[in-house]
Structures are given as C-alpha cells and as structure tokens.
C-alpha cells in the first residue's frame, strides 16, 4: 500500500515538474503599443516572443515591469529570460538581436526653422521618450541641453497631439510608436514630417544558460525565415522595418 502511495506521489510531482518545465517566464516591458499591449497580451514584441518560445517547445508567461527593472529583477533570479537588453552582464548569455527600435525626429511642416542636423535643435521646444539621453548619441544630449525647453515623458500617446497643437516644436520617438499614435490622433492629417538622424538600436534577450540562448537563436532564425515574421510587421507597423 505504501509503495502504491509513494508511486502515486511520484507521478503527481513528476507531472507538476513537467508542466512547469513546459513554460518559460519572460520579463518584458509595460504598455507600449504597437510593441506591447498588456491587457490583450498582444503587440509585435509579445507576439514575436510567443512565436519564438513556442518554436522552442515551450509556452510563454510574461511578467511586465518597467524597463529599468528588467535586468535587476533578472539578476535577482526572477524569470527564465529577460527581454530588451543591450549589454551582457557576466554569468548571463545573450541571444542574437530579436528587435530593433528606430528613433526619429518629428516636426510640423511649417516649422519656422529648418532642421538639417541635431545641432539645429538648439532653441527649440523638444519632447522625447523617457531616458532618451541615455539611448541617443552625445550630439543629441549636447544639443537638447541648449533647447528652449526639454521634457522626457513615459506616456507617449499625447505627444503627436501636442505637436499638432503647437505646444512643442520637436518630438523624439521610436518610428513605430509615433505612427501608431499619430494615426490614432489624426488619421487624415499630413502636416507632420519625419527626420532621421539616429542609428537603429538593436536589442537581445538574456538567458541563464548557453543552451537556452542557443535554442532561442535557432527558433528566432526559423521565425525570421517564415511568413509570420513579415505578417507581424505588416499587422502592427504597416511596413517591413525589422
């Protein structure tokens, strides 16, 4: 009888362990359309990560935290993978880049001053995404130090509206985030123009073992060769830019 009891308990715990092993926890960012939509667990980044992890043979569980807490929480032992990283601290293993952000300047067509370089931001009212000075070039940091006003914000959904209302002169945003909110705010408007002065930022995932990083890379390469990769971009960005 005891033998049967122990055998039953062994089967139960084995099944629990297998179920846990079939799911990977990923630390990801918070609300950031069109990349992350927390309420629906969709968006380009989440859908791409789900597809890659599924190709690895696992289900995904996302843990949403602000970008600044992603690496500290991972370093403290939380989750199996952490997204949106640019460095590789000792003891962790970086995958190949899985996503790119292309930051741009946006101005009104009728802006009184032509912007030919970042130095032309001097004297203008500039609004940027949070921590822009950490991610963009030293030339940018130097120029905005001489702006007539400079503000970095977390919530980006109102930025196109503020530019249209002439509350600011220049926006600094990721290309896909800008177009997402601009189309929502003023779908028929064509009074804004985009200027490109920045190189794209490429981000990778960190894993705890080289084996998991290698499996992620293999799955990512397969996804990039599939129709799904272009379908996700067209669905969320209306263009291919990854």
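The values are calculated or read from the model by the stated rules, or taken from the named source; none is laboratory data. From a predicted model like this one, the values you see are computed outputs, not experimental measurements. Reconstructed Cβ throughout: ideal geometry from the backbone, glycine too, with neighbour counts over all protein chains shown.
Can you pull out every residue in segment 57-75 that is touching a strand residue (DSSP E or B) at 6+ places or on another chain (Cβ under 9 Å) and over 21 Å from residue 210 (Cβ atoms)? Once the filter is applied, which keeps residues that are touching a strand residue (DSSP E or B) at 6+ places or on another chain (Cβ under 9 Å) and over 21 Å from residue 210 (Cβ atoms), segment 57-75 yields 59, 61, 62, 63, 64, 65, 67, 69, 73. Here residue 223 meets each of (1) assigned by TED's automatic domain parsing to the domain that holds residue 94; (2) in contact with a strand residue (DSSP E or B) (Cβ under 7 Å, 6 or more places away or on another chain) with one exception, condition (2).
The residues listed here are 38, 53; of these, the one that is within 22 Å of residue 242 (Cα to Cα), touching a strand residue (DSSP E or B) at 6+ places or on another chain (Cβ under 7 Å) and crowded, with 20+ Cβ neighbours inside 10 Å is 53.
Just the residues that are more than 26 Å from residue 239 (Cβ to Cβ) and touching a helix residue (DSSP H, G or I) at 6+ places or on another chain (Cβ under 7 Å), please, taken from segment 61-78. Write out each step before concluding.
Initial filter on segment 61-78 (more than 26 Å from residue 239 (Cβ to Cβ)): 61, 63-66, 68-78.
Correct list: 65 only.
For segment 214-242, the set of residues classified as touching a helix residue (DSSP H, G or I) at 6+ places or on another chain (Cβ under 6 Å), closer than 25 Å to residue 104 by Cα and surrounded by 13 or more Cβ atoms within 10 Å (Cβ to Cβ) consists of 229, 232, 236, 237, 242, listed by residue number.
The one condition from (1) outside the structural domain of residue 224 (by TED's automatic domain parsing); (2) part of a loop (DSSP other than H, G, I, E, B) that residue 96 does not meet is (1).
If you check 78, 25 for being in contact with a strand residue (DSSP E or B) (Cβ under 7 Å, 6 or more places away or on another chain), surrounded by 15 or more Cβ atoms within 10 Å (Cβ to Cβ) and in a loop (DSSP other than H, G, I, E, B), only one passes: 78. Within segment 57-75, track down each residue that is in a helix (DSSP H, G or I) and surrounded by fewer than 19 Cβ atoms within 10 Å (Cβ to Cβ). Passing the criteria: 67, 68, 69, 71, 72, 73, 75.
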